[in-house]
Amino acid sequence: MKNYLKLFIQYLIVELGLSANTREAYERDLRLFAKHYSLDEESLASVNRQQIIDYMTSLKLKGMASASIARKLAAIKAFYRFLSTEGYIEVDPAEVVEAGTKGLHLPKVLTNDEVEALLNAPNLDLPEGYRDKAMLEMLYATGMRVSELINIGLDNVNLSMSYVIASGKGSKERIIPLGSIAIEFLEHYIAYIRPKFVNAGDDTKTLFLGNGGQPLTRQRFWQIIKLYGKAANITKSISPHVLRHSFATHLLDNGADLRAVQEMLGHANISTTQIYTHLTNKRLRSVYEKAHPRA
């Protein structure tokens, strides 16, 4: 029997270096969640989105403070993000669950102007800035998960044919189109910028490298995108997943086929992708109410 909770705690210690108090709080909140459904450590991997929503709702009905509910949800989201990223589960049931008053809503997505500001924040005169620009452009152009982005190899990028091959959960590969702007920056990065990060004698095939020629970590890219969000004066909370959400929402806003978006995101189940239609429908309703004389 796999003790997923134990594996998660080890991840918090080894990879994230969280304090003992934070780790204990995460473990306590996850054990309370498991107790609510009488689940053992292995059965936690089979939880679905509705169970998480129902649990959040039960906490609200008990009168628990919003801050406490948000903390418990943060632990649940971190746990299932870990299981998903490491390939233990195919679908992250907590990916788009938020501690809002209605139990489920999409996280905030960036507007087109905010995306432009974020993508224009890096300093292209610096090698690190140009690398970051290429990464951000690729992330928004493809909607990849951050784990897919930092592990992408040179051999997985075909700029002449305008596509990239992403290796998703369970090592499943999928082809994602690349737009002309992303291609432009990737071409320059690969030809002129990436060699500056490669140490003599190194044979690394990873596309995006940090100082010392090593691949960037998820934590480092998380820090990078937050810094650019601050530099772009974006007040919303910024993370790599916000660009993924924005990618999907903007595609659907502009008439993209839901199945095509599902394929590009690498969702195993279309019900996960359908979450994005909630926001699109909400925007359409807003436009209708403002524009229609009998709305």
Separation between Cα centres of segment 1-79 and segment 216-237, rounded to whole Å: 25
Cα-based equivalent ellipsoid of segment 112-286: semi-axis lengths in Å, sorted from largest, via gyration tensor: 27, 19, 14
Derived scalar couplings ³J(HN,Hα) [segment 156-162; Karplus, 6.51 cos²θ - 1.76 cosθ + 1.60; whole Hz; x for Gly, Pro]: 8, 10, 10, 6, 5, 9, 6
Cα-only Debye scattering, segment 1-100: base-10 log of I(q)/I(0) at q = 0.15, 0.19, 0.24, 0.25 Å⁻¹: -0.56, -0.92, -1.46, -1.56
Gain on full stretching of the segment that runs from Y163 to L126 - 0.36 nm per residue minus C-alpha separation: 10.7 nm
Alpha carbon Rg of segment 7-164, scaled by the compact-globule rule 2.2 N^0.38 Å: 1.26
Range of Cα positions in the chain per principal axis (Å), largest first: 59, 58, 34
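Since every read-out is calculated from the coordinates, none of them should be taken as a lab result. Computed from a predicted model, the values in this text were never measured in an experiment.
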